1. With just the Cα atoms defining each centre, how far is region 43-71 from region 17-35? Give it in Å.
2. Compute the FRET efficiency between residue 118 and residue 1 as 1/(1 + (r/R0)^6), taking r as their Cβ-Cβ distance and R0 = 22 Å, and round to the nearest 0.05.
3. Want the number for residue 36 to residue 50: 0.36 nm per residue separation, take away the alpha-carbon distance, what's left?
4. Using R₀ = 25 Å, calculate the FRET efficiency as 1/(1 + (r/R₀)^6) where r is the Cβ-Cβ separation of residue 97 and residue 75; round to 0.05.
């Protein structure tokens, strides 16, 4: 299910639209929908990181949800650059029913310092991300 087909409109605070996909900014959550046939690399991801920094500010921790509604590929080695340059990722969810897409996400997991969780439902992924963000906020306030 694409975000445009959901009931999430009220929760979307901003949208970053690019040639390679759409990125929806919610409270502490970034949801991506990469376009069909794209090879998603660090060059593209960097632009999204910059847009997220401009929207959330330099100190906010977020959860990233990859809503894999289209077939695309990622360059797994580029995720080393992503994780090296981004310490504000609190969690990473992949929404897919495709085993192939999940396998690709598992390849990304090799490079990840963050938990990657699979969901078949976008709403469940958002629920998980909100819980992760609440726990992160609680942890930071206890310091």
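Only the coordinates and a few stated rules stand behind these numbers; no lab work does. Computed from a prediction, not measured in an experiment: that's the story for all the values here. Counting neighbours? That spans all protein chains shown, and the Cβs are built from the backbone with ideal geometry, glycine included.
1. 7 Å
2. Working: r = 15 Å, r/R0 = 0.70.
The value I calculate is 0.90.
3. Numbers: separation 14, 0.36 × 14 = 5.04 nm, distance 2.28 nm.
Value of the extension gain: 2.8 nm.
4. Numbers: r = 23 Å, r/R0 = 0.94.
Between residue 97 and residue 75 the formula returns 0.60.
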